[in-house]
Amino acid sequence: MANTILAGAQWGDEGKGKIIDFLTEHADIVVRSQGGNNAGHTVILGTEKYILHLIPSGILRPEKVCVIGNGVVIDPVSLVAEIERLKGQGVKIRKEQLLISDAAHLVFPYHRLLDELREARKGRNKIGTTKRGIGPAYGDKAARTGLRMCDLMQPEVFSEKLRAKIKENNAILKALGAPGVSFKEVNDAYLGAAEKLRPFVTNTVVYLHEALKAGRDILFEGAQGTFLDIDHGTYPYVTSSNTTAGGACTGSGVPPHRMDRVIGVMKAYTTRVGEGPFPTEDAVVGDMLHGMGREFGATTGRARRCGWFDAVATRYAAMINGIDDLAVTNVDGLDGLEWLRVCTHYKLGRKRLEVPPTDSRQLAHCEPVYVELEGWKQPTTEARKWSQLPAKARDYLQAIADLTGAKLAIASVGPGRDQTIVL
Ligand code: GDP
Ligand code: IMO
Ligand code: MG
């Protein structure tokens, strides 16, 4: 299937986990290249539900190799817990099956505390983060004061660096009126996790380049989505990594010209969890989906904000990511509707906008302009072929793909592996 980047085309939770699991059948290696355990990717196999935070969603296929790349930020204690949780669900994680970059930065308890404190201090201007310490950890990385997996693999070096970091961060925490963290507790917990992770830690760049030479097919699993990208998203209501296609290169060490294809994943409607502008947000859509027991966050359990499909956003996402093919998920979420709205452009005052404004405050003032399409009013969950979808559902999917400006390749009509239609 060649080397494929899969990126979220909206605000995250597009169904990337489900599509990655589906596509992994045709890949040899699945790579995570950015984000941390703020991500929550759901894969449903039969009656079992797996939620992946740091481990690529390819892990459920035992013959595939999963890589956590240099661009990911890792909380080692939480990663060990994730491995144990998966093992408890019967997933085998052999040494040859999971590779963790020795260059990946680490997330510490003081990052989580700072994340929480900064959010609390922002009051109603908060970002609505997952409180996993992601922003402060990437902050340390950019400030060149972070600790990495290669440090953790050398206990003496690690403890010395950690002692200095804790001293500095405890001073900051104290200034913010919060208690500090204990060096001994963190040191013990992290060195304990280190020994469990040691067999998996390596230079993943070298591994991936050997795989490229051997002609193996690599799938890059994006986390979060285009509008949470630190550069291209609705700043400051974003995460702290490059969630768009370029992040797959910097976060893995695989050069751009070795990438063959970009798949954009989007829901048939729009959701967002956390604060920030969301032009097509609509309480009716939210009530309907929440009423069906859907759209609660995989990481934090928060109810996701919901709205109509926003083609202004996805068109921009197609541009930034260079999306070749689209996977549209959660088509079945719209099954009961008489009619549907699709946002084709925004109005800002008297101006017509075809792309989202850079300034989040302006985006918050944008008025979505909709076209209305007829609903199909029947279940789609049993469809396995394009021809088995109701004609109105096909029209809707074709319309949102055309407005986005990319080729419709996959339609998903349920969370299961088999509930997937390839065009
Ligand atoms: P991710 O973060 O992009 O991997 O997405 P999440 O797993 O956080 O959220 C997507 C949710 O939609 C999960 O609960 C999936 O099981 C579910 N899902 C994915 N595709 C479909 C679909 O086509 N139909 C339904 N009903 N659920 C889906
Ligand atoms: P997946 O990979 C949806 C959101 C948070 C918040 C903002 C910043 O499952 O699609 P952070 O903790 O990263 O500093 O929070 O980003 N966010 C996500 N929203 N899906 C995700 O991941 C997200 N990861 C972070 O809700 O608005
Ligand atoms: Mg998610």
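The values are calculated or read from the model by the stated rules, or taken from the named source; none is laboratory data. Remember, predicted model here, so these are calculated numbers, not experimental data. Glycine gets a Cβ as well: all are built from the backbone with ideal geometry, and neighbour counts include every protein chain shown. The accessibility values were calculated without ligands, DNA or RNA, using every heavy atom of the protein model including side chains. Shrake-Rupley method; radii C 1.70, N 1.55, O 1.52, S 1.80 Å.
Quick notes on this structure:
- Within the listed set S387, S57, S412, the Gaussian network model of the chain (springs between alpha-carbon atoms below 10 Å) gives the highest mean-square fluctuation for S387.
- Using a probe radius of 1.4 angstrom, the carbon and sulfur fraction of the accessible surface of segment 48-112 is 52%.
- For segment 250-311, the gyration tensor built on C-alpha atoms gives a prolate shape. Its axis ratio a/c (a ≥ b ≥ c) is at least 1.5, and a/b is the larger of a/b and b/c.
- Sum of side-chain charges, G246 neighbourhood, beta-carbon under 12 Å (Lys, Arg +1; Asp, Glu -1): -2
- Between the residues V413, T314, L423, the greatest Cα displacement towards the positive end of the dipole of segment 295-423, with unit charges on the Cβ of Lys, Arg, Asp and Glu, is found for T314.
- An oblate overall shape is assigned to segment 163-300, the ratio a/c of its alpha-carbon gyration tensor axes (a ≥ b ≥ c) being 1.5 or greater and a/b not exceeding b/c.
- Helix-derived mean residue ellipticity, 222 nm - over the chain, DSSP H n ≥ 4, -39500 (n - 2.57), to 500: -10000 deg cm²/dmol
- Each Lys or Arg adds one and each Asp or Glu subtracts one; over the other residues with Cβ under 10 Å from the Cβ of N125, this totals +2.
- Normalised per residue, the accessible area of the chain is 41 Å², obtained with a 1.4 Å probe and no contribution from ligands, DNA or RNA.
- Local charge for V265 was computed over the other residues whose Cβ lies under 9 Å away, with Lys and Arg +1 and Asp and Glu -1, and equals +2.
- Largest-first ordering by accessible area, 1.4 Å probe, given options F309, F183: F183, F309
- Within the assembled protein chains, the solvent-accessible surface assigned to E82 is about 0 Å², based on a 1.4 Å probe.
- DSSP beta bridges in the chain [antiparallel fraction, %, rounded to 5]: 40
- Mean separation of Cα pairs under 8 Å and 6 or more residues apart, divided by the residue count, gives segment 1-97 a relative contact order of 26 percent.
- Over all Cα atoms in the chain, the spread is summed up by Rg and Dmax: 21.3, 65 Å.
- Across K126/K174; K18/K141; K16/K131; K126/K184, pairs whose alpha-carbon gap is larger than 23 Å: K18/K141; K126/K184
- Carbon plus sulfur fraction of accessible area for segment 254-299, probe 1.4 Å, in percent: 52
- The chain, relative contact order in percent, only Cα pairs under 8 angstrom and at least six apart counted: 20
- Max mean-square fluctuation residue, GNM over the chain, Cα-Cα springs under 10 Å, options D75, D140, D188: D188
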